Each structure stands twice: as structure tokens, then as C-alpha cells.
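Have a look at the structure below before the remarks.
Each reported figure results from applying straightforward, stated rules to the coordinates on display, with no laboratory input. None of the values given here were measured: they were computed from a predicted structure. When we count neighbours, we look across all protein chains shown, and the Cβ atoms used for this are built from the backbone with ideal geometry, even at glycine.
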Amino acid sequence: MKSAVFDKAANLPEGFRKLFENSNVSLTVADYKRPDCPLVGANRVFFEISGYEPADVIGHNCRFLQPEGGAGPVTARMRRFLEDPAAKDAKFLVPNVTRDGEPFLNLVYMSKLTREGEIALVLGSQFRVRAGREELAELYDRALREDLKRLNLLTSESNWIVLGSFEALASSHSIIAQARIE
Ligand SMILES: Cc1cc2nc3c(=O)[nH]c(=O)nc-3n(C[C@H](O)[C@H](O)[C@H](O)COP(=O)(O)O)c2cc1C
């Protein structure tokens, strides 16, 4: 399988495709301007985590990963984040299910991207939480932070702006630990 798959019609920043191909974390991108915010790109790690094929993913809203009965209150929080013009980036712990029906806890990061002042894309990243493997969350944060730095560099000379700064968010490790306590 290709290391990243995109909707050919998608309008993405220069270098975006390469970033997806080279990343070691799960990356997705949705078109905020199209009805229901469908995914227009995803990389190999996303297909591996979810078990889905490109044809199931491209053109569909990412909620297909949620259980049949819904993912609970976090769904409304994600919707509010997407609808709030002042919200830039956020992390959510979401119960998801692989294509084979295996439930997993997904730490979803989202950051909005603007073009000419309007929100045009949403970058998504997924981390599959594994019990007893807390160190993986720190490695994930580090890898995602590097990808976001690269994304910032490659958009710095274009009319795209990555709104999320990631640094302002709690570490993935602490979000997972907090969820365990609750
Ligand atoms: C780029 C992007 C990636 C997303 N990734 C996931 C994901 O991995 N798992 C998930 O459950 N929801 C994910 N979502 C959130 C859902 O697509 C959807 O926005 C959420 O369920 C709230 O909307 P709804 O109430 O209309 O379903 C993602 C959204 C975007 C824009």
C-alpha cells in the first residue's frame, strides 16, 4: 500500500503530501469547507491503526471509527471544537473500533489550518492508547511535535497558517493518566 493516500482534488499546502508519507505517527486531513468535513488524506499509520482501506476513508467523516452506539459525550466536545471559530487545536480521548471490530482508546489531536483567513483544513492525528505502554505516549508527542514543526516551516511562506501550537496542550501521557483516574 502507498504510504499516504489523498483525494486528488484536495487543495493542500505544498509539501503536505511528503509530510504524510514520511511521518511515523497517524495523520489525517479533512476538508473543512466540504459538507460534513470529509477526510481528504490519510497516511499508512492511520490505515494500520484502524484496519481500514483508503476507499473506506477518503471522502468520509472520521466518525466511522466510533462504536455503533456512539462514542459518548466526547463527540459533542469534538463537534464544539470544530464549530468554535476561536478554537485552534485540541486533544480528545475517544473510544473507537477497528474495522475488525476491536475496540480501542484513541487519543485524537486536531489542529485547524486557515487559508486567506478562512478555516479550510483540519489536520488530525491518532494515537492508539495501550495499557502499560505509557512511554509510547511521550514518544508520540515528540514525533507529532516534529511533524507540526515541519508543517509550520512548509506553510510559513505560503498563504496557509497552522492555527494549533500543540505546546499549549497537556501532554498525551497526562491526558491518558487523568482519564484512568476518572
Ligand atoms: C481531521 C479529523 C480527524 C478525526 N479523527 C477522528 C478519529 O480518529 N476518531 C474519532 O472518533 N473521531 C475523529 N474525528 C472527529 C469526527 O470526525 C467528528 O468530527 C466528531 O465525531 C464530532 O462530530 P459528529 O458529532 O458530527 O460526529 C476527526 C475529525 C477530523 C476533522
To the nearest 20 debye, the chain has a Cα-centred charge dipole, built from +1 on Lys and Arg Cβ and -1 on Asp and Glu Cβ, of 60 debye
In the range 106-182, the trypsin sites (Lys or Arg not before Pro) that sit in a DSSP loop and have at most 13 other Cβ atoms within 10 Å of their own Cβ are Arg130, Arg133
The residues Ser26, Ser174, sorted from fewest to most surrounding Cβ atoms within 10 Å, come out as Ser174, Ser26
Filtered hits (lysines, Cα-Cα < 16 Å from Lys91, offset >= 8 within chain) -> Lys112
Share of Cα-Cα pairs in the range 4-181 beyond 27 Å, whole percent, is 19 percent
With DSSP loop assignment and no more than 10 other C-beta atoms within 10 Å, the trypsin sites (Lys or Arg not before Pro) in the range 5-102 are Lys8
For the chain the mean separation of alpha carbon contacts under 8 Å (6+ apart) over residue count, i.e. relative contact order in percent, is 22 percent
Of the residues Val122, Val74, Val162, the Cα lying farthest along the dipole of the range 4-181 towards its positive end, which is defined by charges on the beta carbon of Lys, Arg, Asp and Glu, belongs to Val74
